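Asker: Just passing along the structure, written as structure tokens.
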Amino acid sequence: MTRNRDIPALSPETVALARSLLIHEDAVLLAFNKPSGMASQGGSSVGQSLDDLLWAFAKSNGKRPRLVHRLDQGTSGVILTARTQPAAASLSAAFAGREAKKTYLALVKGKLPPAEHGVIDASLVKVEEGGRPRMILAREGRKGAQPARTGWHVLARNGDHALIQISPETGRMHQIRVHLMSLGCPILGDGLYGEGQATGARVMLHAARLEVPHPDGGTLTLEAPVPEDFQTMAEKAGLQAGLK
């Protein structure tokens, strides 16, 4: 069979990498455990992205899976793609309609809240600072402000460090990072939203679990194990018990 010239030729190593990240595969969707440092999509300053790796699953006619949501480059964990247009439409509608239940884990440092759980309900707006986009808390009525809600639950504490489980109800850019900063305990490794939090490591945020209506019916539950760097940082902070 002649290879479709529209399909990029991937090296065996690249195909193997794509396969190694796969955590679920069926007729209409694929799910991956994206490593930190890999962008979801390409760009002018981006090397190899997850979107590039999707060519490893392209059909002979050139059609390939497509992303239906994104994770920040520094965030690891579950990310979902659709193999067909109907599946993409169904999954996109589920995310837009807040039917997808997302669970993240974050390692934080700061003035920890005395409560064990709560909800942050604070709108966000995008601004440009030094040519770099970022999100800030927005007063009600501000032009461009987007409603944002984030549920949180402390799994483990040790001094001014904590392991927090996050359940975002909305999916705004950098939502979890800004909301945890507003709570007083920004994420470890976050130099953008946590002054003094830069550790030389990546932002310690992991998309651990995703529950979403399957396009063919029922509910699909996907889980990604905590990566080694996250586990190591949790141990250094004395929070490893919260990961069990």
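The values are calculated or read from the model by the stated rules, or taken from the named source; none is laboratory data. It should be emphasised that the depicted structure is a prediction, and the values quoted were computed from it without experimental measurement. Note that we place each Cβ from the backbone using ideal geometry, even for glycine, and neighbour counts take in every protein chain shown. Calculation scope for accessible area: heavy atoms of the full protein, side chains included, ligands and nucleic acids excluded. Shrake-Rupley method; radii C 1.70, N 1.55, O 1.52, S 1.80 Å.
Asker: In whole percent, and with a 1.4 Å probe on the protein chains, what portion of the accessible area of the chain is carbon and sulfur? Intermediate results must be reported in sequence, preceding the final value.
Answerer: Numbers: 5950 of 12380 Å².
Carbon and sulfur atoms account for 48 percent of the accessible area of the chain.
Asker: I'm checking a number: the convex hull volume of the Cα atoms of segment 52-93, normalised per residue, in Å³. What is it?
Answerer: 71 Å³
Asker: Quick check: net charge around Met173, other residues with Cβ under 12 Å of its Cβ, Lys/Arg +1 and Asp/Glu -1?
Answerer: Result for the local shell: +4.
Asker: Which net charge results for the neighbourhood of Ser36, defined as the other residues with beta-carbon distances under 13 angstrom from its beta-carbon, given Lys and Arg at +1 and Asp and Glu at -1?
Answerer: Its environment carries a net charge of -2.
Asker: If one computes P(r) from the Cα atoms of segment 66-197, what percent of pairs lie at distances over 21 Å? Could the numbers behind the result be given before it?
Answerer: Working: 3942 of 8646 pairs.
The proportion of pairs with Cα distances above 21 Å equals 46 percent.
Asker: Same structure again: Starting from the coordinates of the alpha-carbon atoms of segment 1-101, obtain the Kirkwood hydrodynamic radius over all distinct pairs and give the value in Å to one decimal.
Answerer: Taking the inverse mean of 1/r over all distinct Cα pairs, segment 1-101 comes out at 14.2 Å.
Asker: Once each part is reduced to its C-alpha centroid, what is the distance from segment 92-147 to segment 39-90 in angstrom?
Answerer: 24 Å
Asker: Around Arg66, with a cut-off of 13 angstrom between Cβ atoms, what is the net charge of the other residues, counting Lys and Arg +1 and Asp and Glu -1?
Answerer: Taking every Cβ under 13 Å from that of Arg66, the sum is +3.
Asker: If you consider only alpha-carbon coordinates, what radius of gyration and Dmax does the chain have, in Å?
Answerer: 18.8, 64
Asker: Over segment 1-102, give the accessible area per residue in Å² for a 1.4 Å probe, as an integer.
Answerer: 52 Å²
Asker: Once a ≥ b ≥ c are taken as the square roots of the eigenvalues of the Cα gyration tensor of segment 119-215, is the result rounded (a/c under 1.5), prolate (a/b larger than b/c) or oblate (a/b not larger than b/c)?
Answerer: oblate
Asker: Per residue of segment 143-152, what does 6.51 cos²θ - 1.76 cosθ + 1.60 with θ = phi - 60° give for ³J(HN,Hα)? Whole Hz please, x for Gly and Pro, Karplus curve as stated.
Answerer: My calculation for segment 143-152 gives 4, x, 5, 10, x, 8, 10, 9, x, 9 Hz in order.
Asker: How large is ³J(HN,Hα) for each residue in segment 23-35, as worked out from phi by the Karplus curve 6.51 cos²θ - 1.76 cosθ + 1.60 (θ = phi - 60°), to whole Hz, x for Gly and Pro?
Answerer: The phi angles translate into 10, 7, 8, 9, 5, 10, 8, 9, 10, 10, 9, 6, x Hz.
Asker: Right, something else. Measure up Lys111/Lys236; Lys63/Lys101; Lys59/Lys101; Lys111/Lys143; Lys34/Lys244 against 25 Å on the Cα-Cα distance and list the ones that go over.
Answerer: The answer is Lys63/Lys101; Lys59/Lys101; Lys111/Lys143.
Asker: Positive end of the dipole of segment 133-244, charges at C-beta (+1 Lys, Arg; -1 Asp, Glu), about the Cα centre: which of Leu220, Met204, Gly171 has its Cα farthest in that direction?
Answerer: The residue sitting most towards the positive pole is Gly171.
Asker: Just the Cα atoms of segment 144-197, one point each, no solvent: what log10 I(q)/I(0) does Debye give at q = 0.15, 0.17, 0.27, 0.30 Å⁻¹?
Answerer: So the normalised log intensities work out to -0.43, -0.54, -1.18, -1.30.
Asker: Shifting gears a bit: Relative to the Cα centre, what is the charge dipole magnitude of segment 38-196, using +1 at the beta carbon of each Lys and Arg, -1 at the beta carbon of each Asp and Glu, and rounding to the nearest 20 debye?
Answerer: Magnitude of the dipole: close to 460 debye.
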